[in-house]
1. Based on the Cβ-Cβ distance from A:Gln89 to B:Ser38, what FRET efficiency comes out when R0 is 22 Å, to the nearest 0.05?
2. Normalising by the residue count of the stretch B:37-178, find the relative contact order in percent from Cα pairs under 8 Å and 6+ residues apart.
3. Lys pairs in the protein assembly as shown, Cα-Cα under 24 Å, at least 8 apart or on separate chains: how many?
4. Starting from one equal scatterer on each C-alpha and no solvent at all, send me the Debye-based log10 I(q)/I(0) for the stretch B:1-121 at q = 0.13, 0.19 Å⁻¹, two decimals.
5. List the DSSP H helices in chain B whose Cα atoms stretch 27 Å or more along the helix axis and whose mean Kyte-Doolittle hydropathy is at least 1.6.
6. For the pair B:Leu162 and B:Glu137, what calculated FRET efficiency results from E = 1/(1 + (r/R0)^6), where r is the Cβ-Cβ distance and R0 = 25 Å, to the nearest 0.05?
7. Using only helices, what value at 222 nm comes out for chain B when you add -39,500 (n - 2.57) per DSSP H run of length 4 or more and divide by the total residues, to the nearest 500 deg cm²/dmol?
8. Distances longer than 18 Å among the Cα atoms of chain A: what percent of all pairs is that?
Amino acid sequence: MHVGLEQYLTVSFLLFALGLLGVIMRRNLLVIYMSLELMLNAANLALVSFSRFNDNLNGQILVFFIITVAAAEVSVGLALIVALYRRRQSAHVEDLTTMKL
Amino acid sequence: MENFQNLISETMLPDMMFYVFAALTLLFGVLVVANPFSRNPVTSAMFLVLTIISMAGLFVLLHAFFLAAVQVIVYAGAVMVLFLFVIMLLDLKEEQHRKIKMVAIIAGLLSVGTIVAIFLKSLHATNLNAHASPVTEGDTALLGKLLFSQYVLPFEVVSVLLLVAMVGVILLSKKNLK
């Protein structure tokens with residue numbers, strides 16, 4: 001079967017679903033964060049394949065910006081996790097119940 | 001014979017490579033999220049590196065050479081080193097002994113099933129309007145030209161964003177936040 005846009009989009013979407021599964025299922029803040037990265041990467045893959053199959057480079061520029069913003073976001077998020085860990089001695093979502101009603 | 005080789009190099013090899021890299025990406029992705037052998041975050045991080053590298057392979061197949069390089073350098077290099085450093089800073093030994101709740105598994109599978117169903121339905125319903133033989137090349141020169149002409153303002157804004165992130169991280173990692 002010839003590989004086209006549809007196949008790439010399927011892979012991208014399965015990867016996104018995997019990331020979502022990780023965010024919902026795992027209880028460790030760091031692993032949840034890694035799953036978020038997985039979802040972000042899935043979106044990148046979709047954008048690159050759209051860019052390729054529509055003969056338009058703008059998608060790749062967008063992916064470039066997404067990677068940059070994701071790097072900034074990861075650094076801030078991990079600093080937040082470290083600050084949280086210092087205060088609570090836990091990186092487990094079930095221990096963070098301050099906002100529970 | 002020559003014809004046959006041409007056929008392989010022209011059409012079949014990239015397609016085969018696509019299936020190899022897609023399978024590797026998804027396999028490593030599963031091992032990041034639900035590894036049956038280990039619940040250690042370090043294992044997840046290592047498999048995330050492998051996922052990202054095989055995804056860089058997919059980028060190469062899509063002729064996005066610059067982005068493949070950036071993916072490996074920024075994600076597999078910088079971001080994952082950051083993750084590993086944080087895992088090292090936090091003592092996560094006891095996490096492994098906690099069980100995954102049944103409710104979480106059911107909720108996860110339910111939402112993932114729903115979203116996959118929506119995707120498949122929309123994929124069938126849309127006309128993707130894709131070119132059969134694309135010619136776009138994502139090489140560095142072209143992307144650079146576009147980045148410094150049409151997209152120069154977002155480029156500068158992103159540099160300010162990186163500065164803000166740096167300042168924020170330094171502030172957050174101080175011992176006393178006040």
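What follows is calculated from the coordinates using simple rules that are stated; it is not laboratory data. On a predicted model such as this, the values are computed, not experimentally measured, just so you know. Neighbour counts are summed over all protein chains in view; Cβ atoms, including those assigned to glycine, are modelled from backbone coordinates with ideal geometry.
1. Result of the calculation: an efficiency of 0.45.
2. Answer for the stretch B:37-178 is 28 percent.
3. Qualifying lysine pairs in the protein assembly as shown: 4.
4. With no solvent term, the Cα-only Debye profile gives -0.73, -1.15.
5. Once both thresholds are applied, what remains is B:13-33, B:41-61, B:102-125, B:152-172.
6. For R0 = 25 Å, the calculated efficiency reads 0.35.
7. Per the formula, -22000 deg cm²/dmol.
8. 59
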